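The values are calculated or read from the model by the stated rules, or taken from the named source; none is laboratory data. Please read all numbers here as calculations on a predicted model, not as lab measurements. Please note: Cβ atoms are built from the backbone with ideal geometry, for glycine as well, and neighbour counts cover all protein chains shown. These accessible areas exclude ligands, DNA and RNA; they are computed on the full protein's heavy atoms, side chains included. Shrake-Rupley method; radii C 1.70, N 1.55, O 1.52, S 1.80 Å.
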Amino acid sequence: MQPMFHRPEASEAPAVPVSEASAAAPAGLAALPPAVAAAVWRGDALGRSVGTTWPSGFDALDAVLPGGGWPGGALTELLLPQAGTLEFRLAGPLLGRIVAGGGRVVLVGPPQPPHAPGLLPHGIGIDALVWVRADTAAERLWATEQLLKAGSCGAVLAWLPQARPEQLRRLQVHAAASAAPALLCRPAVAARESSAAPLRLLAHAGPGWQLQVDVLKRKGPPLAQTLNLSAPPAGLPAVWPARLAEVGRPVSVVPSEAGHAVVRVETIEHRRTTPFH
Amino acid sequence: MPALTPQNTACGVAHARRSPATAVLGALPAALWGALSVTPNALSASDSALQALAVWALQFTPRVAIAEAAVLLEVAASLRLFGGQAALRERLWPGAQELGATALAWAPNALAALALARAGVEDGLRAPLATLLDPLPLGVLSALRPHGQTLSHIGCRTLGDVRRLPRGGLARRFDAALLRALDQAYGHAPQTHTWVTLPERFEARLELPHRVDDASALVFGARRLLLQLSAWLAARQQGTTAFTLHWAHDAMRSRGAGEGGQLTVRTAEPTRAVDHLSRLLAEHLARVTLAAPVGDLRLTADEVRALPQRSESWLPDATAGQEPLAHVLERLSVRLGENRVLRPLLCADHRPEHAGCWQPVGEPLPPGARGVPPPAWPQPALLLAQPLRLLVRQHRPLYQGELQLLLGPQRVEGGWWDRDESSGHTRHAVRDYWVARSAQAGLLWVFQTRLADEPAWYLHGMFA
């Protein structure tokens, strides 16, 4: 019987710094069954995803996510300061990719009614969208759990502001049975609570068209820096004038008679002060 | 043996013409009989229960006959379809147990299978039939039962003892039925059967073993009926889109309770999956309050449609073990309400609140719904149900701070023909839409009303 986890001993790992040891392939992993070896990673290196991953459409985000994209078959928490502000700007490329692959996207309890014409530019056609109008927290949880348990939808995007950690753990167990990504939109204050989701992202609107994304939790070392992703709403770049594309330099086009033509937007610093791990 | 006496019906000749060696080699037998026996005198041994078991067994083979307190089925021709005897047994036995069967036996002929089932021996193929039948007690063959006393007095305890008696004397002293039954059981004489035929309409009844007060507890009884429904559908290659569960109240009910009630369950697609149907029924029954305890259940299939079987794929199936999404959504819409599990629909209207409509997910799209062109101008991902009037400071709209207008105006005018009869106003919209940016709330879609008495700003959507 091989030991489950590799324990470096003096004879085989003589005084090697941790970073170098992780750069070389860990010797003990070779002895493990492949399914176990795929799920084991060193704490200082970025883990690999066990299931399928879906490219996020943002190169900077893919580079820091285990497996290079959104994980399928696992919960992903999107922590937002306010529900309904930037979910589709962040996850739209993923949803479009899933719909292109023949999956259906189910929205559970969005804060406002979804607008089908507005989702078309993301690639989410009318045959691929389902809106579950679950109003109470219990209904949302139940509907999400049923969808994850069945495992037959392309992706689940659920707004669960009041879910407790043990409920998330239950959802995570169900999500592991399917290959579909399960995105949970939760308030930013939920970052203080523990969560069973293997990936937790905290997103804010940045200057211009940018989204500022903090990776709070992932399979790997904590990420210190904030990612700046350029994410204009889908469909907008096709029609906007060139001046609007210049990020961070907003242009006022307010029809006004007074002389306040330019509005200067302060740079928003949403960096958290304390780490939440 | 009333059910096995020769009648003017199809004749199924079953012989044990195989040598024992072929059974060992696993070659296909000329005839393979299964017997599903139930405990005599139990509730499940009633005529209707046996009929239900027989109808259920028709999904495996068209040759099903009812014997006393048992159902006999000839499955040699079905072995290949179901993937061999072990696979067939795996599908047959759990369902039969749910319908009340207590013993199962396989043998090269019907009477031997019945005798083995009564004796509790399952496999009648592992040895020559005579060596298996010889040690069985006399009671396993019904034709021997009237003579049990006499036979035991002359020292016969087993079938083998009786068989060793001289045939001439046996025929003279006892009736011819005894000798014929022995010959048939050992495969020396042919047997005839009355095959069970499938009823044209499905209707199954079940008397509950005890009174049920709670509607959701009816599911356990109804599942047995659904199992029969599913088998009936499988034998006809059909699926149901509507079925009705009727229940009759107990005789000791109060006067105002009425005779009983009924519940019709509809599905979007024809199906015969028992698990899905019983979960749907459970969701519906959870909302029912019974006026009085229920003693009797009846299930009818109202609408059935052909359900073609799909070919199996050689490639590994990515969706194996998953519940189809349509089934999950159906379950959600039963629990939450039909109008809360929705799919979108594009309508040709310039007013955004009318451009995207929603309909229940199970309903088909109306004709022409796919021909609607997408909007040329970007629209938000979320749209408020009612536009929210915004405060204005120095001619600027406010929403969680001052809004910065980025792109616009997009002029929308329409709906002068759309009259709200109750209030007498038209739903005429004359608006200038802008994409606005808020430091807190992200990108918003706001509009300014035109031509109104007092121009006002409204928030209508979020680009999210």
Just one of the numbered conditions (1) in contact with a strand residue (DSSP E or B) (Cβ under 8 Å, 6 or more places away or on another chain); (2) within 7 Å of chain A (Cβ to nearest Cβ); (3) farther than 30 Å from A:L148 by Cα is not true of B:L345; which one? (3)
Of all residues making up the range B:244-278, the number that are open to solvent by 30 Å² or more (accessible area, probe 1.4 Å) and in contact (Cβ under 8 Å) with a residue 40 or more places away in the chain: 9
Kindly indicate whether any position in the range A:125-138 is buried (at least 17 other Cβ atoms within 10 Å of the Cβ) and either within 19 Å of the chain's Cα centre (by Cα) or on the phi > 0 side of the Ramachandran plot (or both). no
Search the range B:124-141 for residues that are touching a residue at least 60 places away in the same chain (Cβ under 8 Å) and pair each with any residue that is surrounded by 15 or more Cβ atoms within 10 Å (Cβ to Cβ) and of a type in the set (F, W, Y) when their beta-carbon atoms are under 7 Å apart and the residues are at least 6 apart or on different chains. B:L125/B:W106; B:L129/B:Y186
Out of curiosity, is B:G461 more than 14 Å from chain A (Cβ to nearest Cβ) and open to solvent by less than 10 Å² (accessible area, probe 1.4 Å)? no
Subset of the range A:66-100 [open to solvent by less than 10 Å² (accessible area, probe 1.4 Å), away from chain B (no Cβ under 14 Å) and more than 19 Å from A:S178 (Cβ to Cβ)]: A:L79
Quick check on this structure: which one of A:A155, A:A177 is out of contact with any strand residue (DSSP E or B) (no Cβ under 6 Å at 6 or more places or on another chain), at negative phi and more than 7 Å from chain B (Cβ to nearest Cβ)? A:A177
If we scan the range B:148-165, do we find a residue that is in contact with a Gly (Cβ under 9 Å, 6 or more places away or on another chain) and within 25 Å of B:A65 (Cα to Cα)? no
If A:P165 passes every condition in (1) at the interface with chain B (Cβ under 10 Å from one of its Cβ atoms); (2) at pLDDT 90 or above but one, which one does it miss? (1)
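Residue-by-condition table, conditions (1) closer than 23 Å to B:V140 by Cα; (2) of a type in the set (D, E, K, R):
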{"site": "B:D47", "(1), (2)": "yes, yes"}
{"site": "B:A52", "(1), (2)": "no, no"}
{"site": "B:L58", "(1), (2)": "no, no"}
{"site": "B:P62", "(1), (2)": "no, no"}
{"site": "B:A65", "(1), (2)": "yes, no"}
{"site": "B:R80", "(1), (2)": "no, yes"}
{"site": "B:G84", "(1), (2)": "no, no"}
{"site": "B:G95", "(1), (2)": "no, no"}
Members of the range B:50-107 found to be in contact (Cβ under 8 Å) with a residue 24 or more places away in the chain, of a type in the set (A, V, I, L, M, F, W, C) and part of a helix (DSSP H, G or I), listed by number: B:A52, B:L53, B:A54, B:V55, B:W56, B:A57, B:A76, B:L79, B:L88, B:L92, B:A96
Are any residues in the range B:414-434 open to solvent by 50 Å² or more (accessible area, probe 1.4 Å) and without any contact (Cβ under 8 Å) to a residue 40 or more places away in the chain, and if so, which ones? B:W416, B:W417, B:R419, B:E421, B:S422, B:S423, B:H425, B:T426, B:H428
Are there strands (runs of 3 or more DSSP E) fully within the range B:357-404 with at least 2 residues that are open to solvent by less than 60 Å² (accessible area, probe 1.4 Å), of a type in the set (A, V, I, L, M, F, W, C) and within 11 Å of chain A (Cβ to nearest Cβ)? List them. B:382-389
Have a look at A:P187, A:P198 and point out the one that is within 14 Å of another protein chain (Cβ to nearest Cβ) and either under 21 Å from A:E139 (Cα atoms) or at pLDDT 90 or above (or both). A:P187
Could you tell me which of the residues B:T197, B:T267, B:T241 is of a type outside the set (D, E), assigned to a loop (DSSP other than H, G, I, E, B) and modelled with pLDDT under 90? B:T197
When the range A:104-123 is checked residue by residue, the ones that are assigned to a loop (DSSP other than H, G, I, E, B), at the interface with chain B (Cβ under 9 Å from one of its Cβ atoms) and under 23 Å from B:G362 (Cβ atoms) are A:R104, A:P110, A:P113, A:H115
Looking at the range A:152-167, is at least one residue free of Cβ contacts under 8 Å to residues at least 24 places away in the same chain, buried (at least 20 other Cβ atoms within 10 Å of the Cβ) and of a type outside the set (V, I, T)? no
Count, please, the residues in the range B:136-194 that happen to be acidic (D, E) and open to solvent by less than 20 Å² (accessible area, probe 1.4 Å). 0
Here are B:R437, B:R411: which of them is surrounded by fewer than 15 Cβ atoms within 10 Å (Cβ to Cβ) and either touching a Leu at 6+ places or on another chain (Cβ under 6 Å) or not aliphatic (A, V, I, L, M) (or both)? B:R411
